[in-house]
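Asks: Can you read through this structure? Questions will come right after.
Read the figures in this text as sums done on the coordinates, not as results from a lab. Note that this is a predicted model, so its numbers are computed, not measured. Positions of Cβ are generated from backbone atoms using ideal geometry, with glycine treated the same way; all protein chains shown enter the neighbour counts.
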Amino acid sequence: RELVRVREYLEKAWDTIDPSGYSEREKMIYRLGAAPDEIRFDHTWYELWKSISPEKLDEFRPYTRLIFPIQIRHVARVDQRVPWHQDVGYQVLRGDRAQEQLITCFVPVEPEPAAVPTVEFAVGEFPTLVHEPYEDHSAALQFDEFPDTIHFKLECGDALVFGDRTPHQTYVPDNVANRDRWSFEYRLVRPEDCMAGSDYFDIDAGVFVKT
């Protein structure tokens, strides 16, 4: 029920967005289904990490700092589906502001995640692959087939955690009729990899920190 309330809140917040004053970069991000800063900068999205058990938090170690702000996505159109890529491909574009290493925690904000688009992964270990721009996406792999792929049938409250060199893409199973999906994407780094002057949420202390 909590996820339903969050989804309803996001839908209402989305309806109030007026992108007319956005920069060209902000307009492009919005067209791709990514939430603008006025939604992403809400500290409320980090509250759930305060109630996770110590045993569950241990599974994320040594990645104990959440990057702020969160990434919130609304996939509703074909052009908003993310092509094959590695998260490190986007980090490369950040130059000297790139994170050394990170992991992603993908959380569908859906009461029935199996009924909406999900994430498909390439199976195996991969180096950093070559990325190039594709349409409005600034980093994409220039091929669309891997010999072995996998996706998971998620239930309400499930999450997917994966590394920054894991190739993945938006995936719509054949039996999925609802093509509209909301999701949170939390990215975690090791404390020693935090960038100076950046904001993070410390999952050990349950507080925001600036490095």
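Asks: How would the range 119-171 be classified by its alpha-carbon gyration tensor: rounded, prolate or oblate, with rounded meaning a/c under 1.5 and the a/b versus b/c comparison settling the rest? Before the final figure, lay out each step's value.
Replies: On the way: a/c = 1.97, a/b = 1.56, b/c = 1.26.
Cα axes put the range 119-171 in the prolate bin.
Asks: Output the direction-averaged projected area (hull surface divided by four) of the convex hull of the alpha-carbon atoms of the range 71-192, in nm².
Replies: On the way: hull surface 31.8 nm².
Taking a quarter of the hull surface, the average projection is 8.0 nm².
Asks: Please give the length that would be gained between Tyr134 and Asp15 if that part of the chain were fully extended, namely 0.36 nm times their separation in residues minus their C-alpha to C-alpha distance (nm, one decimal).
Replies: Details: separation 119, 0.36 × 119 = 42.84 nm, distance 2.78 nm.
40.1 nm is the gain from fully extending Tyr134 to Asp15.
Asks: Here's something else I'd like to know. Once you sort the root eigenvalues of the Cα gyration tensor of the range 58-114 as a ≥ b ≥ c, which label holds: rounded (a/c under 1.5), prolate (a/b larger than b/c) or oblate (the other case)?
Replies: On the way: a/c = 2.32, a/b = 1.26, b/c = 1.84.
Note, shape of the range 58-114 comes out oblate.
Asks: Tell me which chymotrypsin sites (Phe, Trp or Tyr not before Pro) from the range 37-127 have a DSSP coil assignment and no more than 15 other beta carbons within 10 Å of their own. Show your work: numbers first, answer last.
Replies: Values: sites: Phe41, Trp45, Tyr46, Trp49, Phe60, Tyr63, Trp84, Tyr90, Phe106, Phe121; in loops: Phe41, Phe60, Tyr63, Trp84.
Those satisfying the criteria are Phe41.
Asks: Among Ser51, Ser138, Ser183, whose mean-square fluctuation peaks in a Gaussian network model of the chain (Cα, cutoff 10 Å)?
Replies: With Cα springs under 10 Å in the chain, the top fluctuation among Ser51, Ser138, Ser183 is at Ser51.
Asks: Still on this structure, please answer the following. Once Rh is set to the Kirkwood radius over Cα pairs, what Stokes-Einstein translational diffusion coefficient, in µm²/s, holds for the chain at a temperature of 4 °C and a viscosity of 1.567 mPa s? Mind dumping the intermediate values first?
Replies: Numbers: Rh = 18.0 Å.
The estimated diffusion coefficient comes to 72 µm²/s.
Asks: While we're on this one: Rounded, prolate or oblate: pick one for the range 1-112, where a ≥ b ≥ c are the square roots of the eigenvalues of its C-alpha gyration tensor, a/c under 1.5 means rounded, and failing that, prolate if a/b is larger than b/c, else oblate. Don't jump to the answer; show the numbers that get you there.
Replies: Values: a/c = 1.77, a/b = 1.14, b/c = 1.55.
Oblate, because a/c is 1.5 or more while a/b does not exceed b/c.
Asks: Okay, next question. Express the relative contact order of the range 87-168 as a whole percentage, based on alpha carbon pairs under 8 Å and six or more residues apart in sequence. Before the final figure, lay out each step's value.
Replies: Values: 108 pairs, mean separation 39.9, N = 82.
That works out to 49 percent.
Asks: Then there's this: Could you give the semi-axes, largest first, of the ellipsoid that matches the range 144-211, computed as the square roots of 5 times the alpha carbon gyration tensor eigenvalues and rounded to whole Å? Each step should come with its number before you reach the end.
Replies: Numbers: eigenvalues 200, 54, 23 Å².
Semi-axis lengths for the range 144-211 are 32, 16, 11 Å.
Asks: May I ask you to list the residues of the range 62-80 whose amide nitrogen lies under 13 Å from a point 7 Å from Cα along the Cα→beta-carbon direction of Glu192?
Replies: 62-63
Asks: Further, regarding this structure: Tally Lys and Arg at +1 and Asp and Glu at -1 over the other residues with C-beta under 11 Å from the C-beta of Asp199: what net charge comes out?
Replies: On the way: positive: Arg65, Lys210; negative: Asp202.
In short, +1.
Asks: A further question follows. Loop only by DSSP, 16 or fewer other Cβ within 10 Å of the Cβ. Give me the trypsin sites (Lys or Arg not before Pro) in the range 162-205 that pass, ordered by residue number. Each step should come with its number before you reach the end.
Replies: Numbers: sites: Arg165, Arg179, Arg181, Arg187; in loops: Arg165, Arg179.
Answer in residue order: Arg165, Arg179.
Asks: Based on DSSP loop calls and a cut-off of at most 14 other Cβ atoms within 10 Å, the longest stretch of the chain free of exposed GluC sites (Glu not before Pro) is what? Don't skip to the answer; put the middle values down first.
Replies: Working: sites that count: Glu59, Glu100, Glu125, Glu135, Glu145, Glu155.
It works out to 1-58.
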